[in-house]
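Asks: Before I ask anything, let me first share the structure, which is written out below as structure tokens.
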Amino acid sequence: MALLKIKFPFQKRVRLAQGVWLLSWVAMVSGATTFALGVFLKTELFRRAEVMYNSDIHIVPNLLIVVGLTSVGINICAGKVCQDSLDASRFPRWKNILTPFFSISLFFTSLLLVGMILSYALQHSLEESLKVGLKNGIRFYKDTDTPGRCFQKETIDQLQIEFQCCGNTNYRDWFEVQWVNNRYLDFTSKEVKDRVKSNVDGRYLVDGVPFSCCNPASPRPCIQYHILDNTAHHNYEYQSEELNLYNRGCRQALVNYYMGLMNTIGPGVLSVFLVQMTVLIGLRYLQTSMEAVEGQENMEIETEGYILEKDVKETAKELKNKVMKLFQQAQVEAAPPAADLEAAASAEKADTASD
């Protein structure tokens, strides 16, 4: 028994074709928008590539770009099918094309859902990538004269200013690394010598942060050195006073930014998925209702349209049998013929006898 069977008089078929044609153009614009969103997200991720340890999250914009472009092509083709369905003499040329067309369309349309799910599922991966990437970025901040790292300082400073953040988790991350290049340290100074000697690795560690951690909204001039020394500043107590530094870590700031982008894109992608599925369902009804017209003298007869010719269980069983049959045929073709095996065995015996 056919699944979701509907009767279509001639006028209803015409309205269906016109409606699906119009909806296919909406879906094409939606596909182009999906492509644009993918490019935008990809660009934003590339901008922060230096503070990301891996690029796993890039699978989301890559899917959006591929599916967006494919959606444009699918809906152009769907619009052409709708136009030809109004002329019974032109529609038969699509008969052998529509079945693989539906398979390809369903595959790429389902990738929209996959992309939306991954945008939420990869949040932990994004956070870990930023955690390691920012840790390395802070560690290499001082290497302004090292090839491949010379722009790391500029990258971190611009990041902290733009996102109003400091450090990886918070400002204390800067206390654990030497972020001042040795060329700018006065090694004749007793303070510098004592700090370097007091560290096992010979690093110059201070309770200070770069200028980009300073919050311009604070009424007090920025205190970026001796942050933990209450005696170094007048009327200052770091335990109770709100510091004039950004309190938020850059990892959390970037995670919030990117997840905000993907949380905004997610409902849009779901809307595109629903529109695209509506186009495919309408096109399927149009295909099955028009196939019944083929060979009829009266082109305006009432026909029936359906989603599947049989119910879901029977269709799945039939599809499974077809796949198994193809698999068996492939095995038979891959196996050498029995005659060749016998000839090879005879040749081997002959070689043995001659020896």
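The values are calculated or read from the model by the stated rules, or taken from the named source; none is laboratory data. Please read these numbers as outputs of a predicted model, since none were measured by experiment. Cβ atoms come from the backbone with ideal geometry, glycine included; neighbour counts cover every protein chain shown. Remember, those area values only see protein heavy atoms, side chains included, never the ligands or the DNA or RNA. Shrake-Rupley method; radii C 1.70, N 1.55, O 1.52, S 1.80 Å.
Asks: Enumerate the pairs (first residue in region 262-286 and under 15 Å from residue 35 (Cα atoms); second residue anywhere and of a type in the set (Val, Ile, Thr)) with beta-carbon separation below 6 Å, excluding pairs fewer than 6 apart on the same chain, so at least 6 apart or on different chains.
Replies: 272/34; 276/109
Asks: I've got another one for you. Which condition number in (1) in contact with a Lys or Arg (Cβ under 6 Å, 6 or more places away or on another chain); (2) within 21 Å of residue 137 (Cβ to Cβ) is the one that residue 244 fails?
Replies: Going through (1) in contact with a Lys or Arg (Cβ under 6 Å, 6 or more places away or on another chain); (2) within 21 Å of residue 137 (Cβ to Cβ) one by one, residue 244 breaks only (2).
Asks: Report every pair of residues separated by at least 6 positions or lying on different chains whose Cβ atoms are under 8 Å apart, first residue within region 171-194 and in contact (Cβ under 8 Å) with a residue 40 or more places away in the chain, second polar (S, T, N, Q) and open to solvent by 90 Å² or more (accessible area, probe 1.4 Å).
Replies: That search, which allows pairs on different chains as well, returns 171/247.
Asks: State yes or no: is residue 198 open to solvent by 90 Å² or more (accessible area, probe 1.4 Å) and small (Gly, Ala, Ser)?
Replies: When the stated conditions are applied, residue 198 passes them.
Asks: Scan region 103-137 for residues that are more than 30 Å from residue 170 (Cα to Cα) and in contact (Cβ under 8 Å) with a residue 40 or more places away in the chain and jot them down.
Replies: The answer is 105, 106, 108, 109, 111, 112, 113, 114, 115, 116.
Asks: Another question, then. Only one of 228, 270, 254 is aliphatic (A, V, I, L, M) and crowded, with 17+ Cβ neighbours inside 10 Å; which?
Replies: 254
Asks: Sticking with this structure for a sec: Pull out all pairs, ordered by first then second residue, where Cβ-Cβ is under 6 Å, the residues are six or more apart or on different chains, the first lies in region 210-225 and is at pLDDT below 90, and the second is loosely packed, with under 15 Cβ neighbours inside 10 Å and among the acidic types (Asp, Glu).
Replies: Filtered contacts from region 210-225: no entries.
Asks: Which one is most open to solvent (accessible area, probe 1.4 Å), of the residues in region 75-107 that are more than 34 Å from the chain's Cα centre (by Cα) and hydrophobic (A, V, I, L, M, F, W, C)?
Replies: In this case the residue turns out to be 86.
Asks: Specify which of the listed residues (51, 39, 66) is at pLDDT 90 or above, farther than 20 Å from residue 277 by Cα and open to solvent by 20 Å² or more (accessible area, probe 1.4 Å).
Replies: Exactly one of 51, 39, 66 is at pLDDT 90 or above, farther than 20 Å from residue 277 by Cα and open to solvent by 20 Å² or more (accessible area, probe 1.4 Å), namely 39.
Asks: Can you tell me which condition residue 38 does not meet? The list is (1) in contact (Cβ under 8 Å) with a residue 40 or more places away in the chain; (2) part of a helix (DSSP H, G or I); (3) more than 17 Å from residue 79 (Cβ to Cβ); (4) not aliphatic (A, V, I, L, M), and all the others hold.
Replies: With respect to (1) in contact (Cβ under 8 Å) with a residue 40 or more places away in the chain; (2) part of a helix (DSSP H, G or I); (3) more than 17 Å from residue 79 (Cβ to Cβ); (4) not aliphatic (A, V, I, L, M), residue 38 is out only on (1).
Asks: Of the residues 225, 236, which is touching a helix residue (DSSP H, G or I) at 6+ places or on another chain (Cβ under 6 Å) and aromatic (Phe, Trp, Tyr)?
Replies: Exactly one of 225, 236 is touching a helix residue (DSSP H, G or I) at 6+ places or on another chain (Cβ under 6 Å) and aromatic (Phe, Trp, Tyr), namely 236.
Asks: For region 167-194, which residues satisfy the criterion of being open to solvent by 70 Å² or more (accessible area, probe 1.4 Å) and more than 16 Å from residue 135 (Cβ to Cβ)?
Replies: Passing the criteria: 182, 183, 184, 186, 187, 188, 190, 191, 193, 194.
Asks: Can you find a residue in region 53-74 that is more than 13 Å from the chain's Cα centre (by Cα), closer than 30 Å to residue 158 by Cα and of a type in the set (S, T, N, Q)?
Replies: Checked region 53-74: at least one residue is more than 13 Å from the chain's Cα centre (by Cα), closer than 30 Å to residue 158 by Cα and of a type in the set (S, T, N, Q).
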